[in-house]
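Rule-based calculations on the coordinates, nothing more; no lab input. The shown structure was predicted, so the numbers you read here are calculated from the model rather than taken from an experiment. Counting neighbours? That spans all protein chains shown, and the Cβs are built from the backbone with ideal geometry, glycine included.
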Amino acid sequence: MDALPAGLGADAPIFDPAAFRLTGQEAALAARARAFGQAVLAPRAARWDREASFPTDNYRDMHGNGLLGICIPEDEGGLGAGFRAYCLTAAEMGRYCGATALTWNMHVCSTLWTGALTEDLDMEPAVRAEHRARRQRHYDRILRDGAVYSQPFSEGGAAAAGGVAFGTTAKRVPGGFLINGKKIFASLAGHADFYGVLCTEVREGDEKPSRRDTLYLAIPKDAPGVTVEGEWDPLGMRGTVSRNLVFRDVFVEEDAALMPPGLYFQAALRWPHMFMTLSPTYMGLAQAAYDFTVKYLRGEWPGMPPVKRRMYPTKQIAVAEMRVMLEQTKALWFQAITDARPDPSKEQVLRAWAAQHTVMENAAALAAKAVRTCGGQSMLKSLPLERIYRDARCGSLMLPWTAELCIDRLGREALYEKGETDD
Ligand SMILES: Cc1cc2nc3c(=O)[nH]c(=O)nc-3n(C[C@H](O)[C@H](O)[C@H](O)COP(=O)(O)OP(=O)(O)OC[C@H]3O[C@@H](n4cnc5c(N)ncnc54)[C@H](O)[C@@H]3O)c2cc1C
């Protein structure tokens, strides 16, 4: 158990295990993340933010406490968390350090997408056997060496939103692939050991690249032809170090494949909740904004004079409104992460978009309301609320399910059944 700084009581769970009927595994993993977050992540978070530096120390400790392998199946050496268990655990991490939780998500997806998710997808037995053997190499690196994976797919065009094929290409050559292209906003750039790149396999004679030919390949950080470019000095989520990655004739072996050809395309169609994994960080930030407000108005924030502000009716109304928004956010999000499965119904997909939109927009709204309610001193950089406020503003921008795109799809899909047009 990680020790808390003197005078600090342990935080209550975001999702009470009895009230939300969590499994024993979910409750235990969330408790592990909460204890670690409060004792280890929270005291360090201001530093990564101030320096816009990567939280390397956190990753070393997450290797030590097993969290790097949270979604690696138990019989392959990991903690065996499924989608919902991961989401609940990640929300507790996001509560204490947004940048660590968000980058950890990129890493975890390289194991969740290749692990639990692929069990639900169709593969020929021989392909599945080869996939399992390959992923074990990646999992061993993570469990044994503490290897960290990232997930660069954004390119600045319509590909990351799922509209067209990725512009980064992979061409088959003897023994493997040659990769060319550029990724923007590549969190963990320069810090991950492997970049889990989504790219399009192109062949001689192909008329036009197809999303069906998406490959998911792990490119070693030091492979010849890989460069990290550009500055990173953003508004929020500063510790993610999301610089540009450029690949010029980068060779990777066949075994670099994190998924067999065609499987990512199948996953994106049949397991759409896979794109919700960026939301837990922001669920945690929403809770953090609320927690801060209550402690601050009660005059209980550590290191601050014990001045109470809770007796003003306007503050009470603001906290009540924040609580309503937080409960709405939690309830919808919990239902959506519970819905996650292969081939969800249309209702479940609409709810997933509604939940993603709600978490991302409400995290920012709750943080803004917290600053307004707590007042001037609360936005000093010596307190975490100012960072929570800036980090929370980034959630709505995360492709492929940005807040705008969720609204766009919800409106269209609610009004049109498959194949319907107005002609
Ligand atoms: C802190 C942070 C960390 C990130 N980390 C990663 C990472 O690790 N890996 C990664 O791949 N990406 C990452 N991203 C990138 C992110 O997912 C987006 O790709 C990026 O913010 C897009 O920026 P853009 O200026 O290209 O926006 P645009 O793509 O121009 O989008 C701007 C807005 O237009 C809308 N839009 C975009 N495409 C469409 C469309 N086809 N139809 C309708 N509306 C559309 C969306 O609502 C979007 O918000 C990160 C972003 C941030 C802020």
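Provide Rg over Rh for the stretch 226-271; use the alpha carbon set for both Rg and the Kirkwood Rh (inverse mean inverse pair distance). We get a ratio of 1.13 for the stretch 226-271. In terms of the mean number of neighbouring beta-carbon atoms within 10 Å, the peptides 144-153, 360-369, 333-342 order highest first as 360-369, 144-153, 333-342. Taking label points 7 Å from Cα along the Cα-to-Cβ direction, Ala223 and Arg141 give a separation of 0.9 nm.
Length, then width, then depth: along the principal axes, the Cα atoms of the stretch 1-52 run 40, 26, 16 Å.
Looking at the P(r) of the stretch 271-415, how many percent of alpha-carbon pairs lie beyond 24 Å?
So the pairs more than 24 Å apart make up 36 percent of the total in the stretch 271-415.
If you plug the beta carbon distance of Glu76 and Ile317 into 1/(1 + (r/R0)^6) with R0 = 56 Å, you get a FRET efficiency near 0.60.
Projection of the Cα convex hull of the stretch 24-147, averaged over all directions and equal to a quarter of that hull's surface, yields 7.5 nm². The Kirkwood hydrodynamic radius of the chain, based on inverse pair distances between different Cα atoms, is 22.1 Å. Amide H contacts of Met398: Ala403, each under 5 Å away and 5 or more positions distant or on a separate chain (H built 1.01 Å from N in the peptide plane; Pro and chain starts excluded).
If you build the Cα gyration tensor of the stretch 105-221 and take the root of 5 times each eigenvalue, what three semi-axes come out, in whole angstrom, biggest first?
22, 19, 14
With R₀ set to 56 Å, the beta-carbon distance separating Arg50 from Glu207 gives a calculated FRET efficiency near 0.65.
Based on the Kirkwood radius over alpha-carbon pairs, what is the Stokes-Einstein translational diffusion coefficient of the stretch 315-361 at 37 °C with 0.692 mPa s viscosity, in µm²/s?
286 µm²/s
Each principal axis of the Cα cloud of the stretch 288-349 was evaluated for its coordinate range; sorted largest first, these ranges are 54, 25, 9 Å. Counting only whole DSSP H helices of the chain, the ones at least 24 Å long by C-alpha along their axis and with mean Kyte-Doolittle hydropathy no lower than 0.0 are 279-297, 313-339, 346-374.
Taken over the stretch 202-261, the percentage of Cα pairs per 10 Å bin, counting from 0 up to the bin with the maximum distance, is 18, 33, 35, 13, 1.
Lysine pair count for the chain (Cα-Cα distance under 19 Å; residues 8 or more apart in sequence or on different chains): 15. Summarising the amide proton neighbourhood of Leu215: residues at separation of 5 or more, or on other chains, whose placed amide H is nearer than 5 Å comprise Cys199, Thr200, Glu201.
Near Ala165, the amide H atoms lying under 5 Å from its own belong to Arg211; only residues 5 or more places off or on other chains count, and H is placed 1.01 Å from N. Our helix-only sum for the chain, with -39,500 (n - 2.57) per DSSP H run of n ≥ 4 divided by its residues, gives a mean residue ellipticity at 222 nm of -14500 deg cm²/dmol. Modelled spin-label separation between Asp249 and Val127, with each label point placed 7 Å from Cα along the Cα-to-Cβ direction: 3.2 nm.
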